[in-house]
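Right, one structure below, let's go through it.
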Amino acid sequence: MIDLLVRRLALGVVTVWLVSVIIFAGMEVLPGDACTVVLERDAQGEVLENCRKNLGLDRSAVERYLSWAAGAVRGEFGVAADGQTKISTEVALRVKNSILLAFGALVVGVPLAIFLGVVAGLARDRFPDIFVSTAAIFAMTIPEFVSATILVLILSIWLGWLPAVVLTPADAPMLDFWPEFIPAVIVLIMVMVAHIMRMVRSSVIEVMASEYVQMATLKGVPYWRIVFKHALPSALLPAINVVALTVAWLLGGVVVVEVVFNYPGIGRMMIDAISDRDLPIIQALVMLIAATYVLVNLVADLMSMLFNPRLRTLKMRAK
Amino acid sequence: MTDAATQSAQARRPSMTIRMLQVLRDLVRRPSGLIGLFLVVMHVVVAIFSPWFVPYDFKALDSSLILAAPTPEHILGTDALGRDVLTRVLLGGREALWVCFLAIPLTMIWGGLVGVYLGLRGGWVDEIAMRIVDAFLALPGILPLMVLVFVFGAGNEVLIPTLAFFFGIPVIRVARGATHDVVARDYVLAARARGHSRASIMWRELLPNTLDVMMVEGAMRLSWMLLTFSSLSFLGFGVTPPTPDWGQMISEARVYMSLAPWGVLGPMIALSSLIIGVNLTADALAKTLGIDRTRKAVV
Amino acid sequence: MSAPIIDIRDLSVGFTARAGHTQEVLKSVSVSVHAGETLGIVGESGSGKSTLALASMGYMKPGLRKLKGDVTFQGTDVFAQSLRQLEGLRGGKLGLIPQSSGQALTPTMRIGAQIIEALSLHCHLPASECVSRAEELLDQVRLPDVPAIMKRFPHELSGGQQQRVAIAMALAGEPDALVLDEPTTGLDVTTQKQILELVQDLARERNMAMMLVSHDLGVIARCCHRVAVMLYGEIVLEGPSENVLKTPDHAYAQKLIDAVPRIQKAPATPKPAKPNPPEALSLEGIGISYAQPSFWEKTFGKVKQDSLTVEGINLSLGKGETIGLVGESGSGKSTILKAIAGLMPAAKGTIRVGGDTMLKPTIDRRRPEELRRVQMIFQNPDDSLNPRHTVAEILAQPLHLYFGMTGQKARDRAADMLETVRLTPAYLDRLPRQMSGGEKQRVAIARAFAAEPEIVLCDEITSALDVSVQASVLELLAELKLSKQTSYVFVGHDLAVVQQLSDQVMVLRHGRVCEAGLVDEVYANPQSDYTKTLFDAVLEPGM
């Protein structure tokens, strides 16, 4: 078990390292650097060279990668292209807001998705299933900015219940986002519930058709006891990995939703950084998001191992 | 004798076509497949022929008709620059369809071939390649696209290869997984035991038997690619104005939504119906071919 | 005679195929089982025997429905019961022992919890007594170290142990009748024997009525008082086992019983001593390790050297001879075949074909000509033919690879090959799914022989087939061996089948040779204890 944990962690570290190489190399290959961005038209001759010297851009790519990576490991990403804002402070603020958004969506979305998935799976091809499944296809295919627009049209413009956009500044305390962030959460929930629900549904269908459910029926176990004691513990295992992907998606900057609702999370920070050509911020955000992705998936794998007796002992035996 | 010879030489080709026709027939027998295909075909037809029947010039400005409500002359009203919304809605899917329909085959071919090869090859090549795939999957989905478009512009020569590249990464994983299912079968073992080359095993044994999974995957990826394309366009990283595009139109019309809500409706319905159509088709295709995509975690 | 415990009268079960057309799975079936009696239901795949067994518990697989007839259990009409009453009946007075308990036990529940569940549902015991009663039951089915087993999950037990747990679970409800649905299929012969003995003892102690469904006439003969033979959803013959199995009064039943291979204790005509044929295949000191070093282990030098799964295999096979490898699951018999084929590299030892050519351990280091000389036929024909290729394409593959044949030439040759395995050229354009299991296996045989091999490796090639089909496939193999002078390495778990085809035999256990020699000698006079146990466990009709 420990062996496996260490191995998975090592693989995660390798992945994050590869991401850092890809990002750094990618930014290297793209034309322009921090100095050409800041100086714009004046980026010529001596001025440019001086600027590069000041920022340390005249060093070799390998040297710059090493110093950048060394900072990244400590959580220091230097200053933004404007030369003043400390990236880690600004990012921390946005991360906090993004977590708030993700938390809101998860708390409501995950239980709802599991409930709907189980209901649809048990009632396979009958009314509740057809209704829920069809709704899910719509929810997962309609673009986020379309559903967001419809929501704003109804909640803000026609009913006037909520403001159309979030006006609270990025550094406001979390509670200030209530109730402004509700429409954003609703849009996110629609998409994630559809994905998780579909997964749970087919897993439930598969398990309910399994031989051990048939055996339990022929053992005289009442239906609802079969569902809860025999079927769901197996059927919900695959949900762990999908929920993990959802968490990674939510924490990875839901750009469109944040832009639509003007929500100050990392998604908007990302798009602003691109428009400003702020390479250090982009690099920092990508590293953070990639690390989150790897970590969340790692946790999910460990959790499914913990809850699945089959995996648990197989791995232990293999050792 | 010659008759028999030509017959046998062609024996393979018709069987493939017949299979595809069978799949199509089973597809339209499902309500979701029928509706989905209808929507997709409708959009494709409109996209191809719309330049010949749109009522107005899509860039014609009319300062007397800014944000005008629907009238018989302008069925969907006009936008903030006084352009006819209906015209722009009819033309607004052309770029998206063109780019995605070109990019998807590229995506599936490169992702599929690499994935099948890795699934068969195994060993250290596979191990290293999969780490790189993991690293790309960890990148925040839309960001690399935005950066590349921002730097190189939103021309098709940028968008098509970029979309195909980034959408191909998860396809590698799916193709590799599908290959692992096939590689374990005895007929692949038998081919290996006979001493067939790796290329021959890929071509004869693996590709035909992963084709179903890849078709469903391709249809699914197409709907996500259309979604991504329109999101980029909505965020201002897509088609260059004044070329009409739904995502961009929604983004522009949103600003005046409280004054002229009809401006968003046209493009929203058009875009949603296209993506839903593709998705319904993909869903029906998966059911027809007996592939449950949802069982495997979405990547 | 008292009233029967399970009484099935004129039962028809079917499903709606398409456009309202009803397909019958069971056609007016009537059988009954009395207390203390065991009824055997035998038939080949698709005969409806499992459907009948489940119907006796008032259960039908999704999609099936009762068309007419009644099932009564101790006088009550099973299909007229409410769901609530059925729940009380199933697992209570009427227990089921399923086909493969590995699939039928809930993977996420501990063994103890599953038995306690059955107890609390049907015996209404206080919780405190449940545990001790569950332990008692597990003890009754002769499981060792009961307290430890209670805490295990199903996948942590062996196949035989899982089956014992299922029996204990059925006993929890103090049943008057048991339905056994292929209870020993997939188990090794020695385990099968133990399980059947256990079930019989329990039935005798409790005077239970049993309905035993099996495809294996040996199992039926061992356990049953009465036998019903099923064919296409109908009972074609029913009566006391003595009569049915010895003097069947029905053509199909007769054919079924005749097709069962039996061990010949003393060969009627001892095989004539052949003049020493030239050597076709020899293995010297072969050792195989299952632990394939992974990329990480190779890189970090963690390759384990200690455990060889299979070790010390020596054999020498003459042209036109057959050696049978027998043993229970995990004995390494299939692994040896894979090593000869190069699919799993031998860690040590040498493999020689035709007396001179040394074979490299892996396929990619063997020359095409070397590969041609050794061909393999696999266990499951559903799995060994590419579902997307027609028979012509399947057969063209070795022809193209080894002889460069293409187009019409390959097609003509493929047609010839089909005739050798007694299929018509009409099969050339069929896909595997358009053929029966026996036909598919013939195509697989034709594919192997298309390479004109000297050695053919047969991996349990008849175990996925029905008995009657098995007999004809074995006959075909014997013919081909004679006409082509091919040598076979034949892996099997059925001692009678192995005897029928082989000149030599090698008995394997845990990857080591237990006993080896000429078939006639080993079968007449087995030396090792393990071989004797294997022979003891064989069940044959009419023994």
Across (1) in a helix (DSSP H, G or I); (2) in contact (Cβ under 8 Å) with a residue 40 or more places away in the chain; (3) away from chain A (no Cβ under 14 Å), C:LEU212 clears everything bar (1)
Of all residues in the range C:61-95, count the ones that are aromatic (Phe, Trp, Tyr) and surrounded by 16 or more Cβ atoms within 10 Å (Cβ to Cβ). 1
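Considering only residues of the range C:26-60 that are charged (D, E, K, R) and either at pLDDT below 90 or under 20 Å from the mean Cα position of the chain (by Cα) (or both), which is surrounded by the fewest Cβ atoms within 10 Å (Cβ to Cβ)?
Only one residue fits best here, namely C:GLU44.
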Find the residue count for the range B:139-196, including only residues that are under 20 Å from B:MET214 (Cα atoms), modelled with pLDDT under 90 and outside any helix (DSSP H, G or I). 1
Please find, within the range A:2-41, the residue that is modelled with the highest pLDDT out of those that are at the interface with another protein chain (Cβ under 9 Å from one of its Cβ atoms) and within 17 Å of A:ARG52 (Cβ to Cβ). A:MET27
Of all residues being β-branched (Val, Ile, Thr) and outside any helix (DSSP H, G or I) in the range C:475-518, which is surrounded by the fewest Cβ atoms within 10 Å (Cβ to Cβ)? Just the residue, please. C:VAL513
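Condition check ((1) in contact with a His (Cβ under 9 Å, 6 or more places away or on another chain); (2) modelled with pLDDT under 85; (3) not acidic (Asp, Glu)) across all residues:
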{"site": "C:LEU237", "(1), (2), (3)": "yes, no, yes"}
{"site": "C:PRO240", "(1), (2), (3)": "yes, no, yes"}
{"site": "C:ALA253", "(1), (2), (3)": "no, no, yes"}
{"site": "C:VAL260", "(1), (2), (3)": "no, no, yes"}
{"site": "C:LYS265", "(1), (2), (3)": "no, yes, yes"}
{"site": "C:ALA273", "(1), (2), (3)": "no, yes, yes"}
{"site": "C:SER282", "(1), (2), (3)": "no, no, yes"}
{"site": "C:GLY287", "(1), (2), (3)": "no, no, yes"}
Which one of these is within 21 Å of the chain's Cα centre (by Cα) and in a loop (DSSP other than H, G, I, E, B): A:VAL185, A:VAL166, A:VAL243? A:VAL166
Taking the range C:18-65 and keeping residues among the polar types (S, T, N, Q), farther than 20 Å from C:LEU217 by Cβ, away from every other protein chain (no Cβ under 14 Å) and out of contact with any Asp or Glu (no Cβ under 6 Å at 6 or more places or on another chain) leaves C:THR22, C:GLN23
The range B:126-153, residues that are crowded, with 20+ Cβ neighbours inside 10 Å and either of a type in the set (Ser, Thr, Tyr) or farther than 20 Å from A:VAL19 by Cβ (or both): B:VAL149
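Got a sec? Which of A:ARG74, A:ARG64, A:ARG126 is basic (Lys, Arg), closer than 30 Å to A:ALA194 by Cα and at pLDDT below 90?
Among A:ARG74, A:ARG64, A:ARG126, only A:ARG126 is basic (Lys, Arg), closer than 30 Å to A:ALA194 by Cα and at pLDDT below 90.
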Mind checking which residues of the range A:278-291 are touching a helix residue (DSSP H, G or I) at 6+ places or on another chain (Cβ under 6 Å), surrounded by 20 or more Cβ atoms within 10 Å (Cβ to Cβ) and either facing another protein chain (nearest Cβ under 8 Å) or at pLDDT 85 or above (or both)? A:ILE281, A:ILE282, A:GLN283, A:ALA284, A:LEU285, A:VAL286, A:MET287, A:ALA290
Just checking, which of C:ARG152, C:ARG222 is modelled with pLDDT of 90 or more and charged (D, E, K, R)? C:ARG152
Checking the condition surrounded by fewer than 16 Cβ atoms within 10 Å (Cβ to Cβ), at pLDDT 80 or above and of a type outside the set (D, E, K, R), which residue from A:ILE196, A:ILE157 passes? A:ILE157
Across (1) in contact with a Gly (Cβ under 9 Å, 6 or more places away or on another chain); (2) buried (at least 16 other Cβ atoms within 10 Å of the Cβ); (3) over 20 Å from C:ASN207 (Cβ atoms), C:GLN23 clears everything bar (2)
Selected residue (only one of B:GLY263, B:GLY247 is more than 9 Å from every other protein chain (Cβ to nearest Cβ) and assigned to a helix (DSSP H, G or I)): B:GLY263
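For the range B:250-260, give me the residue count where each residue is at the interface with another protein chain (Cβ under 7 Å from one of its Cβ atoms) and either part of a helix (DSSP H, G or I) or touching a residue at least 12 places away in the same chain (Cβ under 8 Å) (or both).
2
Conditions (1) surrounded by fewer than 20 Cβ atoms within 10 Å (Cβ to Cβ); (2) within 11 Å of chain B (Cβ to nearest Cβ), marked per residue:
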position: C:PRO398; (1), (2): no, yes
position: C:PHE403; (1), (2): yes, no
position: C:ALA414; (1), (2): no, yes
position: C:THR420; (1), (2): yes, no
position: C:ALA426; (1), (2): yes, no
position: C:GLN441; (1), (2): no, no
position: C:ALA451; (1), (2): no, yes
position: C:ILE455; (1), (2): no, no
position: C:GLN470; (1), (2): no, no
Check the range C:359-375 and report whether any residue there is crowded, with 24+ Cβ neighbours inside 10 Å, within 11 Å of chain B (Cβ to nearest Cβ) and closer than 30 Å to B:THR17 by Cα. no
Matching residues in the range C:103-129 (surrounded by fewer than 20 Cβ atoms within 10 Å (Cβ to Cβ), part of a helix (DSSP H, G or I) and modelled with pLDDT under 90) number 5
Qualifying positions in the range C:106-150 - within 12 Å of chain A (Cβ to nearest Cβ), β-branched (Val, Ile, Thr) and either over 29 Å from the mean Cα position of the chain (by Cα) or over 22 Å from A:ARG225 (Cα atoms) (or both): C:ILE116
Please report, ordered by residue number, the helices (runs of 4 or more DSSP H) entirely within the range C:349-462 with at least 1 residues that are free of Cβ contacts under 8 Å to residues at least 60 places away in the same chain and on the phi > 0 side of the Ramachandran plot. C:407-420
Between a residue in the range A:193-210 that is within 10 Å of another protein chain (Cβ to nearest Cβ) and any residue that is among the basic types (Lys, Arg) and not in a loop (DSSP other than H, G, I, E, B), which pairs come within a Cβ distance under 6 Å, given they are 6 or more apart or on different chains? A:SER202/B:ARG295
Kindly evaluate A:ASP129 against the criterion of being within 30 Å of B:SER273 (Cβ to Cβ), within 14 Å of chain B (Cβ to nearest Cβ) and exposed (fewer than 14 other Cβ atoms within 10 Å of the Cβ). no
Residues of the range B:99-125 being within 12 Å of chain C (Cβ to nearest Cβ) and without any contact (Cβ under 8 Å) to a residue 24 or more places away in the chain, which ones? B:GLY122, B:GLY123, B:TRP124, B:VAL125
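The values are calculated or read from the model by the stated rules, or taken from the named source; none is laboratory data. The structure presented is a predicted model; accordingly, all values stated were derived computationally and were not measured. Counting neighbours? That spans all protein chains shown, and the Cβs are built from the backbone with ideal geometry, glycine included.
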